[in-house]
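First the structure, in the form of structure tokens, and then the observations on it.
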Amino acid sequence: MVTSGLPKPMIVREVLPNGLTLVTESMPHVRSAAVGVWLRRGSRHETPARTGISHFIEHMVFKGTRHRSAAAIAAEVDAIGGFMDAYTAKEHAAFHLKVLDEHLPRALDIVVDIIRNPLFDPVEIAKEKRVILEEISMVEDTPDDLVMELFTGAFWPSHPLGRPILGTRKSVRSFTRGQLAGFFRDVYHPGNLVVAAAGRLAHETTRSLVERGLGDLSPGRPPRRPERPPRPAGRVVTRSKRELEQVHICLGVPAYAQGHDDRYGAHTLNVILGGSMSSRLFQNVREQRGLVYAISSGISAYSDAGSLCVYAGTSRRAVDEVLQLTLDELQRLQDEPVPEEELRRAKDHLKGSLMLSLESTGSRMSHLARQELAHGRQLDLDEVLERIERVEAEDLTRIARELFAGPMTVSVLGNLDGYRPRLTRRGARA
């Protein structure tokens, strides 16, 4: 048994009578508390005509409620020394606030107010359209973000997971107050909500605060499962932008969904491939050959699908070599067992990254919510560490053969001048 060496966390999970899920973790050794509301809906759950509406609502809840103006929300958060943030993802959205423990009741009142009572003022809607159009422009000016958007759209064509979270210029301009308020009423109900809190707190007190703020909401319709899993495609897509100095590459294959039994092996494999400074791609392509400044790999996992993607930025003349070296590393992981020393290093890196990422109340709160959204329960940290430790070299070979032989999409962004990448790949299937 591999142990974290830490005291067992005091985690309590409770489903309130109206269907809202509350998860808390008491951390009596700290003096802060973090609380947030997670919504079990994201950009994946939008229609094509309404793409971006979840993200738009995330912005609008901060623009005033029945009880607070936008300026009052900001001033009240500052007055308690808090840090407030929100984001929209493919399958969920989140709104959270971190404060000193003594201010938890006030923090929860603010978070509840913004996700329960937004005004959707037409004047603010018009202003926020301009803000989000600028955000879309910012992605266009950020090549490592843009090449990922190109990849995602090509990898999961005609599926909500392939659409941009921000929406399109056309969809954002089309939103009306009625559409925003209607979407909000349809999805912001207790069955879709998870409240997570961590820090110097008591579950019973937190539950009383949550019940006071959200306990009278009607249950609403139960959460819908995603309509269908995406079907990945194997494609090569290019986009030329003359002003770019570098060429940006994204190469990806299918990966496992969030709950898959082999997810620990897949993450270990990712560390070896490109998920650390000692990874094969970083050492071979950057350190030994000097072909890139940045190269890395990462896994995106959803309820019923996933992708493993390699990103690199390089010169126009080195694109083919970088792509071929990446393909060679994928093939080597399928053909040759990972040496024990390299496997040991990857496991320790993965475990260390996990534990170090959970040292603050904000990260513990987010961890509680993500576990609830992905698995419907809290995975014990010792269980997670043990599952990582059980990964063997033969598991990695099997996983590599399953994932890397699947459909592959490559997106290339830069001053291409008619360039199209040449790929030599063995053992692939259409």
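Residue-by-condition table, conditions (1) among the hydrophobic types (A, V, I, L, M, F, W, C); (2) surrounded by fewer than 20 Cβ atoms within 10 Å (Cβ to Cβ); (3) assigned by TED's automatic domain parsing to the domain that holds ASP78; (4) in contact with a Cys (Cβ under 7 Å, 6 or more places away or on another chain):
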position: LEU104; (1), (2), (3), (4): yes, no, yes, no
position: PRO118; (1), (2), (3), (4): no, no, yes, no
position: ILE125; (1), (2), (3), (4): yes, yes, yes, no
position: VAL131; (1), (2), (3), (4): yes, yes, yes, no
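SER4 passes every criterion in (1) within 24 Å of GLY376 (Cβ to Cβ); (2) in the same structural domain as TYR188 (by TED's automatic domain parsing); (3) modelled with pLDDT under 95 apart from (2). If you check LEU379, LEU350, LEU368 for being under 20 Å from the mean Cα position of the chain (by Cα), outside the structural domain of HIS29 (by TED's automatic domain parsing), surrounded by fewer than 15 Cβ atoms within 10 Å (Cβ to Cβ) and not aromatic (Phe, Trp, Tyr), only one passes: LEU379.
One line per residue, one yes/no per condition, for (1) of a type in the set (Lys, Arg); (2) in contact with a Lys or Arg (Cβ under 6 Å, 6 or more places away or on another chain); (3) touching a residue at least 24 places away in the same chain (Cβ under 8 Å):
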{"residue": "ARG177", "(1), (2), (3)": "yes, no, yes"}
{"residue": "TYR188", "(1), (2), (3)": "no, no, yes"}
{"residue": "THR206", "(1), (2), (3)": "no, no, yes"}
{"residue": "PRO229", "(1), (2), (3)": "no, no, yes"}
{"residue": "PRO232", "(1), (2), (3)": "no, no, yes"}
{"residue": "LYS241", "(1), (2), (3)": "yes, no, yes"}
{"residue": "ASP261", "(1), (2), (3)": "no, no, no"}
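The single condition from (1) among the hydrophobic types (A, V, I, L, M, F, W, C); (2) out of contact with any strand residue (DSSP E or B) (no Cβ under 8 Å at 6 or more places or on another chain); (3) buried (at least 20 other Cβ atoms within 10 Å of the Cβ) that ILE114 fails is (2).
The rows are residues; the columns are (1) surrounded by fewer than 16 Cβ atoms within 10 Å (Cβ to Cβ); (2) closer than 30 Å to VAL12 by Cα.
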| residue | (1), (2) |
| --- | --- |
| GLY191 | no, yes |
| HIS203 | no, yes |
| ARG207 | no, yes |
| VAL237 | no, no |
| GLU245 | yes, no |
| THR268 | no, yes |
| VAL271 | no, no |
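For the condition closer than 17 Å to GLU46 by Cβ, touching a Ser or Thr at 6+ places or on another chain (Cβ under 6 Å) and buried (at least 18 other Cβ atoms within 10 Å of the Cβ), GLY162 qualifies. Scanning the stretch 127-151 for residues that are in contact (Cβ under 8 Å) with a residue 40 or more places away in the chain and within 18 Å of the chain's Cα centre (by Cα) yields ASP144, LEU146, VAL147, MET148, LEU150, PHE151.
Considering SER363, SER353, the condition of being polar (S, T, N, Q), within 22 Å of SER307 (Cα to Cα) and either in contact with a Lys or Arg (Cβ under 6 Å, 6 or more places away or on another chain) or without any contact (Cβ under 8 Å) to a residue 40 or more places away in the chain (or both) is satisfied by SER353 alone.
Just to be sure before I move on: is ALA181 surrounded by 14 or more Cβ atoms within 10 Å (Cβ to Cβ), outside the structural domain of LEU373 (by TED's automatic domain parsing), touching a helix residue (DSSP H, G or I) at 6+ places or on another chain (Cβ under 8 Å) and at pLDDT 95 or above in the structure I sent? Criteria not met by ALA181. Restricting attention to the stretch 254-296 and to residues that are assigned to a strand (DSSP E or B) and in contact with a Ser or Thr (Cβ under 7 Å, 6 or more places away or on another chain), the residue that is nearest to VAL322 (Cα to Cα) turns out to be VAL292.
Just checking, does the stretch 24-46 include any residue being touching a Lys or Arg at 6+ places or on another chain (Cβ under 7 Å) and polar (S, T, N, Q)? Yes, some residue in the stretch 24-46 is touching a Lys or Arg at 6+ places or on another chain (Cβ under 7 Å) and polar (S, T, N, Q). For first residues located in the stretch 66-82 and in contact (Cβ under 8 Å) with a residue 24 or more places away in the chain, partners that are among the aliphatic types (A, V, I, L, M) and outside any helix (DSSP H, G or I) and lie 6+ apart or on another chain with Cβ distances below 8 Å form the pairs ARG66/LEU119; VAL77/MET84; VAL77/LEU97; ILE80/VAL99; ILE80/LEU100; GLY82/LEU97; GLY82/VAL99. Of all residues in the stretch 307-314, none satisfies being over 30 Å from ARG44 (Cα atoms) and outside any strand (DSSP E or B). In the stretch 114-126, of all residues being part of a helix (DSSP H, G or I) and touching a residue at least 60 places away in the same chain (Cβ under 8 Å), the one that is farthest from the chain's Cα centre (by Cα) corresponds to GLU124.
The values are calculated or read from the model by the stated rules, or taken from the named source; none is laboratory data. Predicted model only: the values in this text are computed from it and were never measured. Don't worry about glycine lacking a Cβ; one is built from the backbone with ideal geometry, like all the others, and counts go over all protein chains shown.
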